[in-house]
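Below you'll find the structure, written out as structure tokens, and then a few comments.
The values are calculated or read from the model by the stated rules, or taken from the named source; none is laboratory data. Being a predicted model, the structure only gives us computed values, none of them experimental. Ideal geometry is used to build each Cβ from the backbone, glycine not excepted, and the neighbour counts take in all protein chains shown. Each accessible area value is taken on the protein alone, full model and side chains, heavy atoms only, with ligands, DNA and RNA left out. Shrake-Rupley method; radii C 1.70, N 1.55, O 1.52, S 1.80 Å.
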Amino acid sequence: MSALALIAALPLCGFIVNGVIGSRLPKGLVAAIACVLPALAFIETCRMFLQLADTGAPITETLFTWVAIPGLTIDAALYFDQIAAVMCLVVTGVGTLIHIYSIGYMFHDRSFARYFAYLNLFLFFMLVLVLGKNLVVLFVGWEGVGLASYLLIGFWFEDREKTAAGLKAFVVNRVGDTGFILGAFLVYNVVGSLDFQDINAFFALAGDRPSAAVTTAVGVLLLIGACGKSAQIPLHVWLPDAMAGPTPVSALIHAATMVTAGVYLLARLNGLYLESPAAMAIVAWVGALTALLGATMAVTQFNLKKVLAYSTISQIGLMVMACGLGAFSVGLFHLVTHAFFKAGLFLGAGAVLHALQGEEDMRKMGALAKKLPFTFVTFLVAALALCGIPPFAGFFSKDEILWNAWSAANGSLGLWLAGLTASGLTAFYMFRAVFLTFFGASRVPEKLIAHVHEPPLSMSSVLVVLALGSLLVGFIGPPNAWVEIAHVSAPFYDFLAPVLPPAGEEHHPIGTELALMAIAVLVALAGIYFAWTRFGPRVAYPLAREPSRGFVPWVVGRGFFFDAFYDGVIVRFMDWLSESVLARGLEAGLAKITLAKSADAVRYASTLFTRLQTGNVQTYAFYVLLGLALTLWWGAMHA
Amino acid sequence: MRRRKVDKYQFLIGLAVATFAAGLLGVVIRRNLLVVVMCLEIMLNAVVLAFVTFAARAQTLDGVAMTFFVYVAASCEVALAMAIVVLLVKRRGSLDLAAGDELKG
Amino acid sequence: MPESWAPSLLCLGLPLVGAIAISLLPDRMARSLSMLAMLAVLALSLQIFLAYDAATDPALFDFNLPWMPSLGINLHLGIDGFNIYLLLLSALLFPVVLACTWTSAESRRPLYLALMLILEASLLGTFLAQNLLLFFVFWEAVLIPMGVLILVFGGGQRRPAAMAFFLYTLAGSVLLLAAVIALGAECLRQTGSWSFELTILYGLRLDPSMQLLVFVAIMLACAVKCPLVPFHSWLPLAYNEAPPAASALMAGALSKMGAFGILKLALPFAPDVAPAAAPYMVWLAVASILYGAILALREENYKRLVAYSSLSHMGYIVLGLFSFQQTAIHGSMLQMLSHGVAVAGLFLLLGMLEQRCGSAYRQVTALAIAAPRLAVLLMLFVLTSVALPLTSGFTAEFLILLGAFTQGLAAWGAGSGAGLLIAALLASSGMILGAAYMLRFARAILFDSSDRAPAVRDLRLGEMTPFAAPLLLILWIGIAPGTIMSKAQGVASQLVQAAATVEPRPAAPAIASVWSGHGK
């Protein structure tokens, strides 16, 4: 079998085996199948990666022809280039780690096998997504991960709230997907092909090109798709609700991989976007806005997982902004570092939840640093990485994004400030969460305190790996300034250089770059400091000042009314339309007219005609003679 | 004799038509069964008158010969009609035709 | 394949022979006998399907017996690109339906089985007929067994349902009869002798007013049959009250008769009027898509919900047909197959549920706990309806929308207005609505707490096997549709050439030149 197809097929086998007979196998075997197959996929990916790094030539595999009619040919083709390599490594690597973590986390769950089946299914679709060579294969993976997400969010389906969250995720994703499909149609009409290489090449040609409006339209439509999948404004409302799923799911799907699919799409079609400055501007501002709003919404959350969810929204906003600035490789780098530290945060939160038997409210936590020191350390490392404190990974990637916000061709002060504010808020809410969870007086209920324990080996080993990643991954992509000063290489950017040219930066002095770097770090430290003053261990009762009053906290606390709008306006409107207008109005009326009224009309006509049947012989005799007279008259007329 | 507007044949045909119409009207309108039968006879007589008039006008005997056929048929018909009337009256107890509307739709 | 076998005749004849045999043989053999007959037809149809290609000689499968030569009415059955998919669909659905309702009370009655066999024969006759009057005879003949099935074996409201179904469809068919006779008379006028052979009638040159008459009459008949908004009022009643097997067949196969009528009759007989009327038909289709979807959003009755979803999906088929674009027509034909199988599966599963719970099935919930196998199957069919990639639903909807969109863009670029484009955009929103109502349905019936789970028996392995074939077809069309699409290529090119108002697929530079520099 072709190597690329093998990478995707391995988790698929896991899905099939565990899905069909998993409930009858012992848990150990289920776990083994579920974790070994992704690990094998990871090894295969590494092999392909090394091959690619050696030769520099992308690998294409056409499996079969999906549709071939005059005028339309779509192949089921897989493609492995540098972008795909990075994504695959993240997906299989972090994916395998989270699978291992899940063994410990879900061990006492009734549907152990079903969980791993779904998780493997997700991995399969995600790999199809990143390995696809054209928009259709990508869409197969795109919708497939949406399905896996739906199944996993609503995993504990006995709870109606959880299934509602799954439904919401799927439907909101579908809104994005519709935009994606329309964008694909438009691409097909403009380019004549859905293949990525063809699309990028078409737009790179200096020759006959469609007008700016068309290119922007394509860019915006595909952006809508990306917004849906990556939970960007205004299609972000599903991600906080998606925290209803098991925590490893939140880590894998809603932090590290699925939600980054939108960023991957933007990077894949960089040729298209680079030709449309308007679309790029929209992308950049959507990303910036999301980064800012996501960060503000995280500040007001008491649920630990929801803090991380909004944080994810915000961070992906930064990635999207990077793509909008033309710095696609920087966006991808942040994707990689984010995968490590966000997964680390989620899994660390999972360890806390595991210890507290499912309690997610930070108001019922506190002083856990002493009871869960190991969890605390790994969580802290990941948190520092998120805040962008050097030398942790987040610093390198986030700082590069901020630098591009300032220096890139369509960068601006506004974008930079938005990113900076988001970073400051990130540090603030992240350490608010850290302090509320791990420091201060213990607010944990009596009955839970006794059972607080560190996570088992399967979980803790993964936490260690992710913490190390959060610490070290950054060094493969040091910023330009460091490259020039310290004469180190940036292997990450060099690797991606053949496919993702670096953003056309005007030449700014290194001093500016270093200055902005310093400002960013200072802002992050300031955020941590403010969190310390309000929520730190010295504060008597850190929540005593909650809830804040005032207009801004109210608006932010309500999520800027996106949910209220969608639920109150759109959903209510559709319900009203469905029930009152159609079901009771139009449908009932139509049925009445066509069925009841037409039957009544026939019945009425029948009563009219039965009046001829008087039962009176004389009347009949008269009819006979009348008919005779008419016949004779007609005969006389036509004789 | 001065020329009349209507010569005798036209008058007789007119008379026959009027008689026929009267009979027809009676058949359709009158409620008494016996009167209806009598009106049938009136219609038949009017037809005979028309036949004889045309025969006289054409100076043939064919129409006159029809008289016999018609009267024979009428007599048989009356005989049967009376039998039906008797049975009908026995069944219903009245000669009213309008009362018998069991077949009303 | 020996020519003397006349496989098309066998497809028709076997069920009829089976029906007669049932009435003669003892009752206890009836079920097995009908299953045997249906499986034989399936085997035959599969053989024909796999052997058929756009390049095969149609005479291989042809059967032509003169019936009334002076009137040009022959018993002419044959396979062509129009009916090859539908042959497979019908032949597949019947044994699956019988197998799924094997243990129900109805399937032990010979009348029920005989009616199903006669229905199969009439249905296949409609699809295989190559003579217009023969087509009409079978078109009408389908109503009788279906009407009786609803009347005798249906639910509480079966009398009004059977009446509504029969009379409403009959009213449409009367118009079809008028068109048939008009065409025959036209043939007499032009060629000097009566003939209802489709090959001869296709060759007639009809003037626009005649085309309009024929087109409107056939469209109305088909609009009632599919059904399409606003001629769908019989749909919720009939689908709800019919026995599960009949609902599955009605939604899966009979509704395709309407689409088939459009494809085979309305479009070829009105080569000038049909493309001109296409904008209105497209809006009718979009209205069906949205109307069915929005109604399904809040429908509490499961069967009615699936019925409305069927209404919605038929709209896609009609949209694809009237886009007059190769991709869209291919998509429509695949959607006929896909939707037929998916909706039949849903009705059959609901029927199995009804068999276990009685009329309380309407309030069933938490099925994923009580009957996980049934839940998984239901979820698979739900996902097909939702048009998830790797299922046939996605392939069909993708091709239809792509074709409609392409044609709409081309029409807009050529200056004939943005109607089709806007219609395609609205139809795409059907994807969102489809996900919403279908997953809402899944959530209502499958996912709830265990204390509300009903005490239903789960599916045994034997009860799951009939679903293997439909699911296989769904996956096959979803993953590798290219293998079978060549069979319908002749039809698609033929229809597109006949319309030929706008180019099938605009070459990219052409569009680019239209748009670039104009700065829209």
For this session: Filter region C:292-321 for residues that are more than 13 Å from every other protein chain (Cβ to nearest Cβ) and either of a type in the set (Phe, Trp, Tyr) or over 16 Å from the mean Cα position of the chain (by Cα) (or both) and give the result.
Result: C:302, C:303, C:316
Seminar exercise, completed: From the option list C:459, C:383, C:439, C:420, single residue qualifying as closer than 27 Å to residue A:148 by Cα, aliphatic (A, V, I, L, M) and either more than 9 Å from every other protein chain (Cβ to nearest Cβ) or in contact with a strand residue (DSSP E or B) (Cβ under 9 Å, 6 or more places away or on another chain) (or both) is C:459
Exercise. Restricting region A:216-233 to residues that are buried (at least 24 other Cβ atoms within 10 Å of the Cβ) and among the aliphatic types (A, V, I, L, M), which is nearest to the other protein chains (Cβ to nearest Cβ)?
Worked result: A:218
Seminar exercise, completed: Counting only residues in region A:114-135 that are farther than 21 Å from residue A:45 by Cα and open to solvent by 10 Å² or more (accessible area, probe 1.4 Å), the one nearest to the chain's Cα centre (by Cα) is identified as A:118
Problem set entry | Filter result (at the interface with chain A (Cβ under 10 Å from one of its Cβ atoms) and either touching a residue at least 60 places away in the same chain (Cβ under 8 Å) or farther than 17 Å from residue A:194 by Cα (or both)) within region C:392-406 | C:394, C:395, C:397, C:398, C:399, C:401, C:402, C:403, C:404, C:406
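Okay, residues lined up against (1) buried (at least 17 other Cβ atoms within 10 Å of the Cβ); (2) under 26 Å from residue A:614 (Cα atoms):
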{"position": "B:51", "(1), (2)": "yes, no"}
{"position": "B:76", "(1), (2)": "no, no"}
{"position": "B:84", "(1), (2)": "no, yes"}
{"position": "B:99", "(1), (2)": "no, yes"}
{"position": "B:103", "(1), (2)": "no, yes"}
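Would you be able to say whether some residue in region A:359-367 is assigned to a helix (DSSP H, G or I), hydrophobic (A, V, I, L, M, F, W, C) and either surrounded by fewer than 21 Cβ atoms within 10 Å (Cβ to Cβ) or modelled with pLDDT under 90 (or both)?
Yes.
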Seminar exercise, completed: Counting only residues in region A:146-164 that are in contact (Cβ under 8 Å) with a residue 40 or more places away in the chain and under 14 Å from the mean Cα position of the chain (by Cα), the one nearest to the other protein chains (Cβ to nearest Cβ) is identified as A:146
Problem set entry | Scope region A:189-210; condition open to solvent by less than 10 Å² (accessible area, probe 1.4 Å) and either over 25 Å from residue A:67 (Cα atoms) or within 7 Å of chain C (Cβ to nearest Cβ) (or both); matching residues | A:189, A:190
For this session: Scan region C:40-83 for residues that are under 18 Å from residue C:122 (Cβ atoms) and either part of a helix (DSSP H, G or I) or among the basic types (Lys, Arg) (or both) and jot them down.
Result: C:40, C:41, C:42, C:44, C:45
Seminar exercise, completed: Taking region C:28-58 and keeping only residues that are over 16 Å from residue C:119 (Cβ atoms), among the hydroxyl-bearing types (Ser, Thr, Tyr) and in contact (Cβ under 8 Å) with a residue 12 or more places away in the chain, one is left with C:52
Exercise. Would you pick out the residues in region C:84-104 that are open to solvent by less than 30 Å² (accessible area, probe 1.4 Å) and in a loop (DSSP other than H, G, I, E, B)?
Worked result: C:101, C:104
Exercise. Residues that are more than 26 Å from residue A:252 (Cβ to Cβ), open to solvent by 10 Å² or more (accessible area, probe 1.4 Å) and touching a residue at least 60 places away in the same chain (Cβ under 8 Å): which helices (runs of 4 or more DSSP H) entirely in region A:267-332 hold 1 or more of them?
Worked result: A:270-274, A:277-299
Exercise. Given (1) more than 9 Å from chain C (Cβ to nearest Cβ); (2) modelled with pLDDT under 90; (3) open to solvent by 10 Å² or more (accessible area, probe 1.4 Å), where does residue A:213 come up short, assuming only one miss?
Worked result: (1)
Exercise. Where residues in region C:441-471 are open to solvent by 50 Å² or more (accessible area, probe 1.4 Å) and not in a helix (DSSP H, G or I), which of them is farthest from residue C:348 (Cα to Cα)?
Worked result: C:455
Problem set entry | Residue selected from region A:56-77 under the condition outside any strand (DSSP E or B), of a type outside the set (A, V, I, L, M) and more than 9 Å from chain C (Cβ to nearest Cβ), by the criterion nearest to the chain's Cα centre (by Cα) | A:58
Exercise. Which pairs do you get when a residue that is at negative phi, found in region B:55-71, comes within reach of a residue that is among the charged types (D, E, K, R), reach meaning Cβ atoms under 7 angstrom, with the pair 6+ apart or on two chains?
Worked result: B:55/B:62
Problem set entry | Pairs where the first residue, in region C:277-296, is open to solvent by 10 Å² or more (accessible area, probe 1.4 Å) and the second is in a helix (DSSP H, G or I), C-beta under 6 Å, 6+ apart | C:279/C:419; C:294/A:577; C:294/A:578; C:294/A:582
Problem set entry | Output for region A:391-416, where each listed residue is of a type outside the set (Gly, Ala, Ser), open to solvent by 20 Å² or more (accessible area, probe 1.4 Å) and touching a Gly at 6+ places or on another chain (Cβ under 8 Å) | A:391, A:392, A:410
Problem set entry | helices (runs of 4 or more DSSP H) contained entirely in region C:355-430, each with at least 3 residues that are at pLDDT 90 or above and not small (Gly, Ala, Ser) | C:372-385, C:392-413
Problem set entry | Test: residue in region C:159-167 that is farther than 19 Å from residue C:264 by Cα and among the aromatic types (Phe, Trp, Tyr) | yes
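Those residues that are assigned to a helix (DSSP H, G or I) and open to solvent by 10 Å² or more (accessible area, probe 1.4 Å), I need them from region A:379-390; list them, please.
Within region A:379-390, A:380, A:381, A:384 qualify.
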For this session: Taking only region A:42-83 into account, find how many residues are of a type in the set (Ser, Thr, Tyr), over 25 Å from residue A:498 (Cβ atoms) and loosely packed, with under 14 Cβ neighbours inside 10 Å.
Result: 0
Problem set entry | Scope region A:1-24; condition within 16 Å of residue A:99 (Cβ to Cβ), more than 25 Å from the chain's Cα centre (by Cα) and open to solvent by 20 Å² or more (accessible area, probe 1.4 Å); matching residues | A:17
Exercise. Residues in region A:239-262 that are crowded, with 24+ Cβ neighbours inside 10 Å, of a type outside the set (A, V, I, L, M), assigned to a helix (DSSP H, G or I) and more than 8 Å from the chain's Cα centre (by Cα): how many?
Worked result: 4
For this session: Among the candidates B:95, B:33, B:40, single out the residue that is open to solvent by less than 90 Å² (accessible area, probe 1.4 Å), within 14 Å of chain A (Cβ to nearest Cβ) and modelled with pLDDT under 90.
Result: B:95
For this session: Please specify each residue of region A:19-55 satisfying the condition of being within 14 Å of another protein chain (Cβ to nearest Cβ) and polar (S, T, N, Q).
Result: A:23
